[in-house]
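Below is one structure, written out as structure tokens; comments come after it.
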Amino acid sequence: MRILVTGYKGFIASNMVKALEGHNVGLYEWGEPYPDVRGYNWVVHMGAISSTTEKDMNKLIAQNYESSVDLYNDCCKYGVNFQFSSSASVYGKSSEFKETSIVNPQSPYAWTKYMVEGYIKRNPSNKIIAQCFRYFNVYGPGEDHKGNQASPFHQFKKQAEETGCVKVFENSDKYLRDFIHVDEVIKTHMKFFNVSESGIWNLGTGKTMSFLDVAKKFSQNIIEIPMPDILKSSYQKYTCADMTKMKNMEII
């Protein structure tokens, strides 16, 4: 199978490339010559500015929205199936996380993801399969370059190794997230190569863990710190994927 993976230098996409060993894999990263999608079976579009605190709308629109729309339109034109990495951040400060739930993006990043979903939904093609996956909190190997945008699993492990303690935000026992290992994300993408259905799917575990419990995996020396002002307005205190739709397909 011929598969084009975008954002291949990033955390999730780099793991995807490793998993696709044995396939004919093309690679594209922002800033490189724009890819020709002709001849591919799938485009797995994982490339994006992933920082939830990025405020430069021109950058976000260009890299996250316009480039995604361009790739999708090319796939429609040349009959290439399309997978898009969306985000659970589109739900915002919600308590219900079904694919049919009302969304409320709280950050520019989340809005660009929702805008791409909306474009695909408004412009369907009978030539291709278009699948969008709303990632919940992904963690695993390959996060080193993400800095403060890395998962708490990565950040807390690094803190414990370097300082012997872990810093968490105040009230972190009440911040519950759905954490999913990157290997499970990649397995799902690959299983969906054999699914002839277009749509949007949550990609999480359907279970939660508090930030405090994650910290305790790496150290019992826990220090509470105030949450930075830049995070307060958009911070999701609770996420839990409703996995009913995917489970009904017997994908997981």
#### Entry: Test result for residue 47, buried (at least 22 other Cβ atoms within 10 Å of the Cβ) and either on the phi < 0 side of the Ramachandran plot or assigned to a strand (DSSP E or B) (or both)
yes
### Task
Look at segment 50-79 and say how many of its residues are of a type in the set (Ser, Thr, Tyr) and in a helix (DSSP H, G or I).
5
### Message
Condition check: assigned to a helix (DSSP H, G or I), in contact with a Lys or Arg (Cβ under 9 Å, 6 or more places away or on another chain) and over 22 Å from residue 214 (Cβ atoms). Does residue 117 satisfy that?
### Response
yes
### Query
Hey, among 159, 83, which residue is in contact with a helix residue (DSSP H, G or I) (Cβ under 7 Å, 6 or more places away or on another chain) and at pLDDT 95 or above?
83
#### Entry: Residues (within 19 Å of residue 180 (Cα to Cα) and touching a helix residue (DSSP H, G or I) at 6+ places or on another chain (Cβ under 9 Å)) located in segment 89-112
89, 90, 91, 92, 97, 98, 99, 110
### Query
Filter segment 125-143 for residues that are outside any strand (DSSP E or B) and of a type in the set (A, V, I, L, M); which is nearest to residue 105 (Cα to Cα)?
129
### Query
Looking at (1) polar (S, T, N, Q); (2) at pLDDT below 95; (3) at negative phi; (4) out of contact with any Ser or Thr (no Cβ under 6 Å at 6 or more places or on another chain), which is the only condition residue 219 fails?
(2)
### Task
Pull up segment 215-231, narrow it to residues that are free of Cβ contacts under 8 Å to residues at least 60 places away in the same chain and not in a loop (DSSP other than H, G, I, E, B), then point me to the one that is surrounded by the fewest Cβ atoms within 10 Å (Cβ to Cβ).
229
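The values are calculated or read from the model by the stated rules, or taken from the named source; none is laboratory data. Since the model is a prediction, treat every value here as computed from it, not as a measurement. Positions of Cβ are backbone-derived with ideal geometry, glycine not excepted, and every protein chain shown enters the neighbour counts.
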